[in-house]
Amino acid sequence: MAAVYTDVTDATFDAEVVERSRRQPVVVDLWAPWCGPCRTLGPIIEAAVDATDGAVALAKVDTDQNPQIARAFSVQSIPAVHAMVNGAVVDSFIGAKGQREVEAFVNALVPSPEELEVQTLLAAGDEASLRRALELAPADPAVVVALARLLVEADEGDEALELLARIPDTPEVRQLTARARQGAMAADGDVEHRLERLLERVKDDDDARAEFVDLLELLGPEDPRTGAWRRRLTAELY
């Protein structure tokens, strides 16, 4: 049977690779039509992924047509193959490989029965399922974030903070941590007014400074106001 794969573009990378990798491992095959070794390697990868019967997904990226993805992976030569799990690269190789090496690379990504149960519980998304998933995978970032988000929404910020302390710091974790610390105040839409009031105290008041930083995390890095307020904070402190 021919392998089923997705041709990924710069526009679809986040959805088809990053987000999908939070549900199942994704093999990213970076290639180009002019690359002879790529044409040799491609069918081998497709067959190995197909043999996992859907446990592993395959994303193929034409680097000529999708320069943003190529830059994101710092591509210097192709073929280049990366394995992604939970939004992060967990394994890679460059250059053509034989069938056995490729099969070993792909098969190492196939989830165990316990990991499959965690994925099923995570997909269910209710609190009972997420707590069971946490018992099975107490330091899994996807599980911790999902449960912490439910707890924050239920105004159980203290427990959410304890959970978030288990996992590495990321922009998503920082924003959720800020929401947990701020509690009901996180829903206050008058963020800039609060920032203005806090700015007068940040130099000499640790609590005010911590709250100010939390509010910046709530705004998020994509909000154009965040950079401006960070510069004002730096000017006030130094």
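Going residue by residue through the range 5-13, is there one that turns out to be in contact with a helix residue (DSSP H, G or I) (Cβ under 9 Å, 6 or more places away or on another chain), crowded, with 20+ Cβ neighbours inside 10 Å and part of a strand (DSSP E or B)? For the range 5-13, residues in contact with a helix residue (DSSP H, G or I) (Cβ under 9 Å, 6 or more places away or on another chain), crowded, with 20+ Cβ neighbours inside 10 Å and part of a strand (DSSP E or B): absent.
Looking across the range 158-174 at every residue that is modelled with pLDDT of 85 or more and of a type outside the set (A, V, I, L, M), the one that is farthest from Leu215 (Cα to Cα) is identified as Arg166. When the criteria are applied in full, Arg166 fails the requirement of being of a type in the set (D, E, K, R), touching a helix residue (DSSP H, G or I) at 6+ places or on another chain (Cβ under 7 Å), surrounded by 19 or more Cβ atoms within 10 Å (Cβ to Cβ) and free of Cβ contacts under 8 Å to residues at least 40 places away in the same chain. Pairing each residue of the range 30-42 that is in contact (Cβ under 8 Å) with a residue 12 or more places away in the chain with any residue that is among the small types (Gly, Ala, Ser), provided the two are 6+ apart or on different chains, yields C-beta distances under 7 Å for Leu30/Ala70; Leu30/Ala80; Trp31/Gly42; Pro37/Gly95; Pro37/Ala96; Cys38/Ala32; Thr40/Ala96; Leu41/Ala96. Can you confirm whether the range 79-100 contains a residue that is more than 22 Å from Thr170 (Cβ to Cβ), of a type in the set (Asp, Glu), at pLDDT 90 or above and not in a loop (DSSP other than H, G, I, E, B)? No, that holds for no residue. Please determine, by comparing only the residues of the range 14-46 that are part of a loop (DSSP other than H, G, I, E, B) and either among the aromatic types (Phe, Trp, Tyr) or under 19 Å from the mean Cα position of the chain (by Cα) (or both), which one is farthest from Ala80 (Cα to Cα). In this case the residue turns out to be Arg23. When Asp64, Asp91, Asp53 are checked against the criterion of being exposed (fewer than 13 other Cβ atoms within 10 Å of the Cβ) and either in the same structural domain as Val28 (by TED's automatic domain parsing) or of a type in the set (D, E, K, R) (or both), a single residue qualifies: Asp53.
Taken together, Ala142, Ala178, Ala208, Ala160 contain a single residue that is touching a helix residue (DSSP H, G or I) at 6+ places or on another chain (Cβ under 8 Å), without any contact (Cβ under 8 Å) to a residue 40 or more places away in the chain, surrounded by 15 or more Cβ atoms within 10 Å (Cβ to Cβ) and assigned by TED's automatic domain parsing to the domain that holds Val118, which is Ala160. The one condition from (1) under 21 Å from Ala123 (Cα atoms); (2) in contact with a His (Cβ under 8 Å, 6 or more places away or on another chain) that Gln24 does not meet is (2). Of all residues in the range 222-238, exactly one satisfies the criterion of being in contact (Cβ under 8 Å) with a residue 24 or more places away in the chain and surrounded by fewer than 13 Cβ atoms within 10 Å (Cβ to Cβ), namely Leu237.
The values are calculated or read from the model by the stated rules, or taken from the named source; none is laboratory data. If you're wondering where the values come from, they're calculated on a predicted model, not measured in any experiment. Virtual Cβ from ideal backbone geometry, glycine too; neighbours counted across all protein chains shown.
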